[in-house]
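Report on the following structure.
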Amino acid sequence: MGIKVAKFGGSSVADGIQLTKTKAIIQQDPDRRYIVVSAPGKRFEGDNKITDLLYLCKTHIEHNLPYDQLFQVVADRYMAVEVNLGVDVDLLCYFDEIRENLKKNPSSDYIASRGEYLNAILVAAFLGYDFVDTAGLIKFDAKGKLLMEETDRAIREELSGHERAVLPGFYGSTPDGHIKTFSRGGSDITGALVARAVGADVYENWTDVSGFLMADPRIVKNPKQIQSISYKELRELSYMGAGVLHEDAIYPARMANIPINIRNTNNPDDEGTFITSEASDESRQAEDRIITGIAGSKDFTVVALYKNMMSSEKGFVRRILGILDDYDINFEHLPSGIDTVSVVMSNKSIDGRLDDVLDEFESRLRPDSIDVIENIALIATVGHGMSKRTGVSAALFTALANAGVNIRMIDQGSSEMNIIVGVENKDFEKAIRAIYEAFVQ
Ligand code: ASP
């Protein structure tokens, strides 16, 4: 018998109807032995996610506002599912335990984690699987950094004693026993860690879309679905804003060479998208696919520094990076010329401190000129298929020129599997559509 780890996101476990679908999916394949669940998500447009309500409870507690009704809304959601599905768990006892803890003003991580905790208990009972808490298995250090190897060992040891289990996503604990969560959407990471620990054949990530699309459907009409994508390509696309899977979920699966399969709970017959290692890229190249996907985001600033003889001035770039470090700003790209270097930063990271940063550049780098280009959008066109072909960039730039898009910056990763262009924010959508049409028939 093989092992599949299946993680079900918030929308797949939002209510009794969704949980019934989820159960059917799990029962359809006996290899689906380890199930990781998110907290219940939105049931309809305008609904609340349990996690959001729990964070709101924390805000109320902090402001000394009554939170009982709010917590009752959370409790009612679970009780409705319990009644609806005819599951027998002593939810009231768990609610009492949480209510007691809420009186002690616990951390927001503790409060938020209760969404997954309660849900895993409920789902385990519904499936007849064991409930295995991840609090003692997913280990963080005192600073909140994930201890990957310790976690791996702990999960492996624990699950060796469980044939089938449901585990809550999203959280673990620090050495002093306090609950620590991942960032939002972090149940994906839990799923990947479990998959790695048990040596799963595949890590299935069940959500409400059938995998990745080649472009954002809000921009391109009916974009094609990506059937397979390498970890590296996905990393490039998610970094640039293609959602669906938490970025940090890729690493554990990649380390253990476990394919990730994004699936749709509402359309389980669709095979979804497979995220695999480099090896299978070769076969995909044979499919003659040039690009795998296009993604991007808006609101970057480019600071172009020019200094005569910069190329022979030692430590120039080091000093730029030192300034960014002092301001805790991440740079996205650093395209350079003979006597020029441009620093591309997200506006979010600059956080209103552009003038201060420019003053520092001025005084510590003494450039001949500084040009600032604001409101830039970055678009990454990604695909291993590009690297061994001639004319790809020509086609891309021609498409943009024909669409009347002015390119403000170009950067190509050394892997040659992406071409990044900077365009004005206002041209963002137009540029993505033009690239898509140039490469996808
Ligand atoms: N429930 C958490 C969130 O909403 C974690 C998750 O669903 O992955 O972010």
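When you scan the range 136-240 for helices (runs of 4 or more DSSP H) that lie fully inside it, which ones turn up with 1 or more residues that are under 30 Å from Gln441 (Cβ atoms) and either within 15 Å of the ligand (Cβ to nearest atom) or touching a helix residue (DSSP H, G or I) at 6+ places or on another chain (Cβ under 6 Å) (or both)?
231-239
Tell me which residues, restricted to the range 323-343, are outside any loop (DSSP other than H, G, I, E, B) and either over 23 Å from Val421 (Cβ atoms) or of a type in the set (D, E, K, R) (or both).
Listed by number, the residues that qualify are Ile323, Asp325, Asp326, Glu332.
Among the residues of the range 18-73, which ones are in contact with a strand residue (DSSP E or B) (Cβ under 6 Å, 6 or more places away or on another chain) and either within 15 Å of the ligand (Cβ to nearest atom) or of a type in the set (S, T, N, Q) (or both)?
Answer for the range 18-73, where residues must be in contact with a strand residue (DSSP E or B) (Cβ under 6 Å, 6 or more places away or on another chain) and either within 15 Å of the ligand (Cβ to nearest atom) or of a type in the set (S, T, N, Q) (or both): Thr22, Ile35, Val36, Val37.
Yes/no matrix, rows are residues, columns are (1) more than 22 Å from Ile25 (Cβ to Cβ); (2) in contact (Cβ under 8 Å) with a residue 12 or more places away in the chain; (3) touching an Asp or Glu at 6+ places or on another chain (Cβ under 6 Å):
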residue	(1), (2), (3)
Ile155	yes, yes, no
Gly161	yes, no, no
Gly211	no, yes, no
Met214	yes, yes, no
Val244	no, yes, no
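Out of (1) closer than 22 Å to Arg318 by Cα; (2) of a type outside the set (Asp, Glu); (3) part of a helix (DSSP H, G or I), the odd one out for Thr398 is which?
With respect to (1) closer than 22 Å to Arg318 by Cα; (2) of a type outside the set (Asp, Glu); (3) part of a helix (DSSP H, G or I), Thr398 is out only on (1).
Mind checking which pairs have a first residue in the range 47-58 that is more than 17 Å from Ser187 (Cβ to Cβ) and a second that is of a type in the set (Phe, Trp, Tyr), Cβ under 6 Å, 6 or more apart or different chains?
Cys57/Tyr67; Cys57/Phe71
Evaluate the range 393-401: report whether one residue or more is surrounded by fewer than 21 Cβ atoms within 10 Å (Cβ to Cβ) and modelled with pLDDT under 90.
Scanning the range 393-401 turns up at least one residue that is surrounded by fewer than 21 Cβ atoms within 10 Å (Cβ to Cβ) and modelled with pLDDT under 90.
Of the residues Tyr94, Tyr110, which single one is within 16 Å of the ligand (Cβ to nearest atom) and either free of Cβ contacts under 8 Å to residues at least 40 places away in the same chain or assigned to a helix (DSSP H, G or I) (or both)?
Answer to the selection: Tyr110.
Just checking, does the range 101-114 include any residue being in contact with a strand residue (DSSP E or B) (Cβ under 7 Å, 6 or more places away or on another chain), at pLDDT 95 or above and within 23 Å of Tyr34 (Cβ to Cβ)?
Yes, the range 101-114 has at least one match.
Would you call Ser280 modelled with pLDDT under 85, in a helix (DSSP H, G or I), touching a strand residue (DSSP E or B) at 6+ places or on another chain (Cβ under 7 Å) and among the hydroxyl-bearing types (Ser, Thr, Tyr)?
In short, yes.
For the range 321-355, what are the residues that are over 15 Å from Asp371 (Cα atoms) and among the hydrophobic types (A, V, I, L, M, F, W, C)?
Leu321, Ile323, Leu324, Ile329, Phe331, Ile338, Ile350, listed by residue number.
The values are calculated or read from the model by the stated rules, or taken from the named source; none is laboratory data. Quantities reported herein were computed from a predicted structural model and do not represent experimental measurements. All Cβ positions, glycine included, derive from the backbone under ideal geometry; neighbour counts span all protein chains shown.
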